[in-house]
Structure formats: C-alpha cells, structure tokens
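Structure record follows, encoded as structure tokens.
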Amino acid sequence: MNTTLFSFLGFVNIFIIILAVVALVTIVYVLPKQLRKISQQLNDLIEVTKKNVNS
C-alpha cells in the first residue's frame, strides 16, 4: 500500500514540475510579445493625446 502511494505521489510531483516548466516557457515566450503590443498601444494613445492637447 505504502509503495503504491509513494510512487503515485512521485508521479504527481513530476506532473506538477512538468506543468510548471510548461507554464514558465509559455510566460517567457508570450509575455514579450504581449508587452510589445501593449507598449505600442500606449505609445499610440500618448501620440493621440498630444495631438489633441496641441490642437
């Protein structure tokens, strides 16, 4: 009983580690693109605001 429980826990740990690695890789790859998109939108917004203030 104990051995099967321990092997099951080990499997769960490995599964959790794999999930964490996948999540990290996804974050590392996706975040820069999202940040670039967001900063681009912010820049556009700032430009529009400047034009509105100037005019």
From the list LEU5, LEU45, which one is part of a helix (DSSP H, G or I) and surrounded by 10 or more Cβ atoms within 10 Å (Cβ to Cβ)? LEU45
Output for Cβ contacts, cut-off 8 Å, separation at least six or different chains, first residue touching a residue at least 24 places away in the same chain (Cβ under 8 Å) in region 34-53, second in a helix (DSSP H, G or I) and of a type outside the set (Val, Ile, Thr), reads none
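Each reported figure results from applying straightforward, stated rules to the coordinates on display, with no laboratory input. As the structure is a prediction and not an experimental result, all values here were calculated from the model. Cβ atoms come from the backbone with ideal geometry, glycine included; neighbour counts cover every protein chain shown.
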